[in-house]
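Undergrad: Please find one structure pasted underneath; my questions will follow.
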Amino acid sequence: MDRTLKALSLVLSYPTRALQAAMPEIGGVLAADTRLTAAARRALRPLLEELGGRDIYALAEQYVMLFDRSRTLSLNLFEHVHGESRDRGGAMVSLLETYRAGGFEPVTSELPDHLPVLLEFLSMRSCAEARDVLADAAHIFEALNARLVRRESPYGAVFAALLQLSGARADPAAVAALLHEPETDPDDLVALDEVWEESEVRFGPDPNAGCPVSRDILARMDAPAPPVPPAPQHAAE
């Protein structure tokens with residue numbers, strides 16, 4: 001198992017007291033991984049310290065405000081590719097089939113494209129396979145990092161670390177396209193409703209890049225849903 005990907009999956013999960021208790025071990029795993037630069041490991045410390053020592057209710061509120069009430073910071077990766085279009089449903093089914101084919105059955109109420117779920121799956125795959133999948137999502141990680149840094153959130157360091165683990169350089173045009181979407185004040189409920197009702201956003205990775213598994217997981221997100229056959233015509237009696 002790739003313990004670093006598992007650790008990052010936990011760090012990006014909804015804060016609980018159990019997660020707080022595990023922070024020393026999680027911090028030890030991340031501090032020991034030399035795939036991350038010393039600067040990247042240092043950048044993770046403020047978040048780990050905050051998750052380990054801050055009031056749990058404050059942590060939970062912060063998490064919800066960042067990731068659940070802001071579409072542009074959503075941890076559901078397909079949100080950044082398909083928006084709320086019907087293509088997202090087909091991509092979700094394909095991703096779940098990929099999980100099951102790999103012997104992974106998510107035990108969670110979260111959607112299959114939730115980043116902590118994907119990272120847990122990748123933690124059980126080969127290093128090369130995990131790296132290719134992360135590389136296909138590099139532009140999403142870069143955009144999320146930029147938005148979180150702008151908010152002065154320590155969570156940005158997680159996405160910078162994921163970008164390093166991918167070994168990829170995010171496509172500047174793809175990142176710019178994601179960052180072009182305006183952010184919404186999470187306290188403005190009317191504006192939030194309007195954002196979630198906007199039309200589909202399609203910023204996907206190159207379907208010809210990466211390994212076959214990464215194409216199954218990320219690139220097939222852009223595949224159009226199959227057409228609905230017309231209803232049969234019945235002769236009048």
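Undergrad: Can you tell me which residue among 81, 133 is within 19 Å of residue 1 (Cβ to Cβ), part of a helix (DSSP H, G or I) and touching a residue at least 12 places away in the same chain (Cβ under 8 Å)? Write out each step before concluding.
TA: Working: 81 fails: within 19 Å of residue 1 (Cβ to Cβ).
Checking each option against the conditions leaves just 133.
Undergrad: Could you run through the range 9-21 and say how many residues are more than 21 Å from residue 103 (Cβ to Cβ) and within 16 Å of the chain's Cα centre (by Cα)? Outline the logic, then answer.
TA: Restricting attention to the range 9-21, the residues satisfying the condition of being more than 21 Å from residue 103 (Cβ to Cβ) are 11-21.
Still in the list and also within 16 Å of the chain's Cα centre (by Cα): 11-14.
Count: 4.
Undergrad: Kindly list the number of the only condition in (1) under 20 Å from the mean Cα position of the chain (by Cα); (2) at pLDDT 95 or above that fails for residue 28.
TA: That leaves (1) as the condition not met.
Undergrad: So which residues in the range 119-137 are surrounded by fewer than 21 Cβ atoms within 10 Å (Cβ to Cβ) and of a type in the set (A, V, I, L, M, F, W, C)?
TA: 124, 127, 128
Undergrad: Something else: Conditions: (1) aliphatic (A, V, I, L, M); (2) buried (at least 19 other Cβ atoms within 10 Å of the Cβ); (3) more than 16 Å from residue 119 (Cα to Cα). Residue 93 meets all but one. Number of the miss?
TA: Only one criterion in (1) aliphatic (A, V, I, L, M); (2) buried (at least 19 other Cβ atoms within 10 Å of the Cβ); (3) more than 16 Å from residue 119 (Cα to Cα) is unmet by residue 93, namely (2).
Undergrad: Out of the range 106-124, which residues are modelled with pLDDT under 85 and more than 12 Å from residue 77 (Cβ to Cβ)? It would help to see each step written out before you state the result.
TA: Step one: filter the range 106-124 for residues modelled with pLDDT under 85, giving 106-110.
Residues satisfying the conditions are 106, 107, 108, 109.
Undergrad: Right, here's the next one. Considering each of 92, 124 in turn, give the residue that is of a type in the set (A, V, I, L, M) and part of a helix (DSSP H, G or I). Full working, then the answer.
TA: Numbers: 124 fails: part of a helix (DSSP H, G or I).
Criteria check complete, one pass: 92.
Undergrad: Just one of (1) touching a Ser or Thr at 6+ places or on another chain (Cβ under 7 Å); (2) among the aliphatic types (A, V, I, L, M); (3) more than 19 Å from residue 8 (Cβ to Cβ) trips up residue 92, so point out which.
TA: (1)
Undergrad: Among helices (runs of 4 or more DSSP H) lying entirely in the range 1-53, which contain 1 or more residues that are free of Cβ contacts under 8 Å to residues at least 24 places away in the same chain and farther than 20 Å from residue 118 by Cα? Lay out the reasoning, then the answer.
TA: Numbers: elements: 3-11, 17-32, 38-53.
Qualifying helices (runs of 4 or more DSSP H): 17-32, 38-53.
Undergrad: Being within 21 Å of residue 123 (Cα to Cα) and within 23 Å of the chain's Cα centre (by Cα) is the requirement here; does residue 39 meet it?
TA: no
Undergrad: Which one of 69, 100, 45 is farther than 22 Å from residue 174 by Cβ, modelled with pLDDT of 95 or more and basic (Lys, Arg)? Spell out the reasoning first.
TA: Working: 69 fails: modelled with pLDDT of 95 or more; 100 fails: modelled with pLDDT of 95 or more.
Result: 45 is the single residue among 69, 100, 45 that is farther than 22 Å from residue 174 by Cβ, modelled with pLDDT of 95 or more and basic (Lys, Arg).
Undergrad: Within the group 182, 224, which residue is modelled with pLDDT of 50 or more and more than 17 Å from the chain's Cα centre (by Cα)?
TA: On the way: 224 fails: modelled with pLDDT of 50 or more.
Exactly one of 182, 224 is modelled with pLDDT of 50 or more and more than 17 Å from the chain's Cα centre (by Cα), namely 182.
The values are calculated or read from the model by the stated rules, or taken from the named source; none is laboratory data. Predicted model, so just to flag it, every value in this text is computed and none were measured. When we count neighbours, we look across all protein chains shown, and the Cβ atoms used for this are built from the backbone with ideal geometry, even at glycine.
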